[in-house]
Structures are given as structure tokens and as C-alpha cells.
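**Student:** Below you will find the structure I want to go over with you.
What follows is calculated from the coordinates using simple rules that are stated; it is not laboratory data. Just so it is clear, the model here is predicted, and its values are computed rather than measured. Positions of Cβ are backbone-derived with ideal geometry, glycine not excepted, and every protein chain shown enters the neighbour counts.
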Amino acid sequence: MKFTRIFTGDDEKSHFQDDLLNLNDAEIGKITTPLEVSNLIFGEIENINEITWHNPPCRQFIVMLEGAMEIEIGDGSKKVFNIGDILLAEDTTGQGHVTRAASSGKRKYMVIPLKHNLEIK
């Protein structure tokens, strides 16, 4: 299962990396091994078009449920995340990233904070 990772490099800037969650055979198809999470958060943004340079409070998956958002990183690269896209935000230090609206109306999302020592591979 594809996801995009944002992480802080040695240059203290955020970088994109496309990656895959390993899926294992199961009775109901294919699933990941269980991931230990601390909680689950749902959110929506409507009247905010840009959240300037910031870092996530912890390592967390963000899944877009409605609308689209654009993420910009330190080198100026931008990537749009649409409904169903999965982002792993790990750039908890350094310059961080900018989040912008990439659709009109409400943007709904789910945030899944991970345990800090969790390996997702």
C-alpha cells in the first residue's frame, strides 16, 4: 500500500519519499502487521488556506477523507494529497513544511499518531 513520507534530512529541511506499507496475506485479503498508535483524531479545515512553516507534534499518519491539501517542503517541491492518500509526517524537527488548501470547501482528514519507536517496515 503506497504512502508518502515527509522526513527531516541532515540539512534540517523536510523531504518527500514515496514508500510502501508491507501487506501480508490474511483471510480477508491483505493487511499490514498491527501498528501501535497512541490515539485517533478526526479534523476538518474550511476557512484556512495556508498553514505556514510548521512541524507535526509527533510521527503521525494523515489520511485525506474529503478535499485535497498541498504540502510544500524546504526545496520548494510541492505534492497534492487527495481523498484516500496517506501521508506519514515525520519531520518533527528542522524547518518543517507548509500546508495549503488544494480544493475548495471543507477538507476532512484523519490523524493517527504513532508510538515514537515504531518501525513501519
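**Student:** Where both residues lie in the chain, what percent of DSSP beta bridges are antiparallel, nearest 5?
**Tutor:** Percentage antiparallel, nearest 5: 90.
**Student:** In nm, to one decimal, how far is the modelled label at Ile28 from the one at Thr93, with both set 7 Å along Cα→Cβ?
**Tutor:** Output for this residue pair reads 3.8 nm.
**Student:** Using 0.36 nm per residue, how much length does the chain from Val37 to Cys58 gain when fully extended, once their Cα-Cα distance is taken away?
**Tutor:** 6.4 nm
**Student:** Using the alpha-carbon centroid of each, what span in Å lies between the range 9-76 and the range 84-100?
**Tutor:** 7 Å
**Student:** Could I ask something else about it? Give me, ordered by chain and number, the residues 5 or more places off Gly74 or on other chains with an amide H under 5 Å from its own placed amide H.
**Tutor:** Ser14
**Student:** What is the percent of Cα-Cα separations in the range 2-113 that go past 23 Å?
**Tutor:** 29 percent
**Student:** Can you sort Phe81, Phe7 so the residue with the fewest Cβ neighbours within 10 Å comes first?
**Tutor:** Phe7, Phe81
**Student:** For Asp75, what charge total do you get from the other residues with a beta carbon under 14 Å from its beta carbon, if Lys and Arg give +1 and Asp and Glu give -1?
**Tutor:** Net of charged neighbours comes to -2.
**Student:** Could you give the dipole magnitude of the chain about its Cα centre, charging the beta-carbon of Lys and Arg +1 and that of Asp and Glu -1, in debye to the nearest 20?
**Tutor:** With only Lys, Arg, Asp and Glu charged at Cβ, the dipole is about 240 debye.
**Student:** Measure off 7 Å from each Cα along the Cα-to-Cβ vector at Asp18 and Glu50, then give the distance between these two points in nanometres to one decimal.
**Tutor:** Placing both labels 7 Å along Cα→Cβ, they lie 2.8 nm apart.
**Student:** Sticking with this one: Scan around Ile86 for amide H atoms under 5 Å from its own, H built in the peptide plane at 1.01 Å from N, and keep only partners 5 or more places away or cross-chain.
**Tutor:** So Ile86 has HN proximity to Thr4.
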